[in-house]
Amino acid sequence: MAEIISNLLQYLNIIYNFTFWKSLIIMAVLSFLYFFGCAFVPGLKKKLTSATVFAGLLLAFYLSQVIGITLLNRSITEEARFDLNLVEVYRIALNGNDVFFTQIIGNILMFVPFGILVPMCFVRMRGVFRMLILSFLFSIFIELTQLYTHTGLFELVDLLNNTLGGVIGYILFILPYKVYEFYENKKYKNILDK
């Protein structure tokens with residue numbers, strides 16, 4: 001376990017190699033789009049409270065980091081590269097290859113905040129199926145951009161792991177609400193029974 005954590009930290013150190021200014025510009029643009037949407041776009045309009053402002057800034061920061069890690073710090077290759085083999089990657093990882101295992105865990109963990117922050121910012125995006133679709137679409141955007149710009153490897157396994165991470169994040173987001181709702185309904189029912 002210690003070796004996996006060490007590999008994960010080393011992996012983060014390698015991939016987190018883009019400038020602060022690029023990240024700040026992306027965050028500023030995304031924040032502007034979020035707040036503009038909250039103020040003027042029908043269906044997204046909502047009252048800006050300190051909680052919605054904080055959630056919006058967190059989402060913008062998170063998205064800027066994901067874009068930086070997956071797109072901005074990659075070197076351009078001569079040709080587009082892709083790997084459509086799902087089973088082989090998991091087989092290698094499960095046979096003890098820590099690098100492959102670390103990449104799988106890293107791709108899942110990278111999308112967990114997506115599953116938490118998106119429904120926090122956009123109530124209409126709540127629901128496991130919606131988060132599954134949204135996580136898949138964001139992941140396919142990253143993978144296709146990497147393929148088109150020759151800045152990464154289009155991997156089917158990344159699509160699956162990222163989507164899984166988004167759904168796990170959504171479950172972590174919604175579970176406390178459901179538990180609270182359950183106990184509140186039970187408490188209310190107990191009061192009525194008296």
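The values are calculated or read from the model by the stated rules, or taken from the named source; none is laboratory data. Since the model is a prediction, treat every value here as computed from it, not as a measurement. Don't worry about glycine lacking a Cβ; one is built from the backbone with ideal geometry, like all the others, and counts go over all protein chains shown.
Can you find a residue that is within 24 Å of Leu59 (Cα to Cα) and either out of contact with any Ser or Thr (no Cβ under 6 Å at 6 or more places or on another chain) or among the acidic types (Asp, Glu) (or both) anywhere in the stretch 77-87?
Checking the stretch 77-87: not a single residue is within 24 Å of Leu59 (Cα to Cα) and either out of contact with any Ser or Thr (no Cβ under 6 Å at 6 or more places or on another chain) or among the acidic types (Asp, Glu) (or both).
From the list Phe36, Phe32, Phe129, which residue is without any contact (Cβ under 8 Å) to a residue 12 or more places away in the chain, loosely packed, with under 14 Cβ neighbours inside 10 Å and either assigned by TED's automatic domain parsing to the domain that holds Thr163 or part of a loop (DSSP other than H, G, I, E, B) (or both)?
Sole residue among the options that is without any contact (Cβ under 8 Å) to a residue 12 or more places away in the chain, loosely packed, with under 14 Cβ neighbours inside 10 Å and either assigned by TED's automatic domain parsing to the domain that holds Thr163 or part of a loop (DSSP other than H, G, I, E, B) (or both): Phe129.
Please tell me if Ile69 is in contact with a Leu (Cβ under 6 Å, 6 or more places away or on another chain), crowded, with 19+ Cβ neighbours inside 10 Å and within 25 Å of Tyr148 (Cα to Cα).
no
In this structure, does Phe173 turn out to be assigned to a strand (DSSP E or B), in contact with a helix residue (DSSP H, G or I) (Cβ under 7 Å, 6 or more places away or on another chain) and either within 16 Å of Leu71 (Cα to Cα) or not assigned by TED's automatic domain parsing to the domain that holds Ala39 (or both)?
The answer is no for Phe173.
Checking Leu63 against (1) touching an Asp or Glu at 6+ places or on another chain (Cβ under 9 Å); (2) in the same structural domain as Ile26 (by TED's automatic domain parsing), which test does it fail?
(1)
Looking at Leu160, Leu147, Leu153 in this structure, which one is in the same structural domain as Leu84 (by TED's automatic domain parsing), of a type in the set (A, V, I, L, M), touching a residue at least 40 places away in the same chain (Cβ under 8 Å) and in contact with an Asp or Glu (Cβ under 8 Å, 6 or more places away or on another chain)?
Leu153
Looking only at the stretch 152-166, which residues are crowded, with 22+ Cβ neighbours inside 10 Å and at pLDDT 95 or above?
Listed by number, the residues that qualify are Asn161, Asn162, Thr163, Gly165, Gly166.
Looking at (1) surrounded by fewer than 13 Cβ atoms within 10 Å (Cβ to Cβ); (2) closer than 30 Å to Ser50 by Cβ, which one does Val118 not meet, given that it meets all the others?
(1)
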